[in-house]
């Protein structure tokens with residue numbers, strides 16, 4: 001039997017490759033699909049929140065957002081009384097692409113779970129959430 005880390009790595013690599021290939025056809029570069037998904041789910045939020053949700057460094061998010069702003073996918077604004085944080089929201093074009101990205105994610109999810117029963121899929125999600133909680137808490141130096 002292969003090790004858990006190997007199976008997780010291979011699964012991530014293959015899922016990510018499928019997503020990136022399909023989203024590249026939409027004109028998106030790596031990092032942009034995750035940010036679109038975050039903004040579609042959360043609505044307007046700041047760069048720090050996007051970085052945490054997407055597991056991307058804040059500086060990297062800044063450069064990705066600059067390209068997305070240039071391409072008319074997002075706009076960044078300051079809120080009254082808070083000049084330090086820029087808040088990011090989707091433009092109509094960004095929302096349109098966000099819907100297409102969500103469809104790509106759903107298609108890949110369906111492909112990944114094609115041979116699982118609904119019960120197995122639910123159990124897989126629960127197990128992956130538990131594994132994620134364990135490794136994320138270790139990263140922060142916390143105990144589970």
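Descriptive notes on the structure:
- For the range 38-53, residues that are in contact (Cβ under 8 Å) with a residue 40 or more places away in the chain and either surrounded by 14 or more Cβ atoms within 10 Å (Cβ to Cβ) or not assigned by TED's automatic domain parsing to the domain that holds residue 70 (or both) total 6.
- Condition check for residue 82: exposed (fewer than 12 other Cβ atoms within 10 Å of the Cβ) and at pLDDT below 95: yes
- Candidates in the range 36-74 are the residues that are touching a strand residue (DSSP E or B) at 6+ places or on another chain (Cβ under 6 Å) and assigned to a strand (DSSP E or B); of these, the one that is farthest from residue 100 (Cα to Cα) is 46.
- Residues being surrounded by fewer than 10 Cβ atoms within 10 Å (Cβ to Cβ) and not in a helix (DSSP H, G or I) - total across the range 85-137: 3
- Across the range 22-37, the number of residues qualifying as surrounded by 18 or more Cβ atoms within 10 Å (Cβ to Cβ) and within 8 Å of the chain's Cα centre (by Cα) comes to 5.
The values are calculated or read from the model by the stated rules, or taken from the named source; none is laboratory data. Note that the structure is a prediction, hence the values are computed from the model and not measured. When we count neighbours, we look across all protein chains shown, and the Cβ atoms used for this are built from the backbone with ideal geometry, even at glycine.
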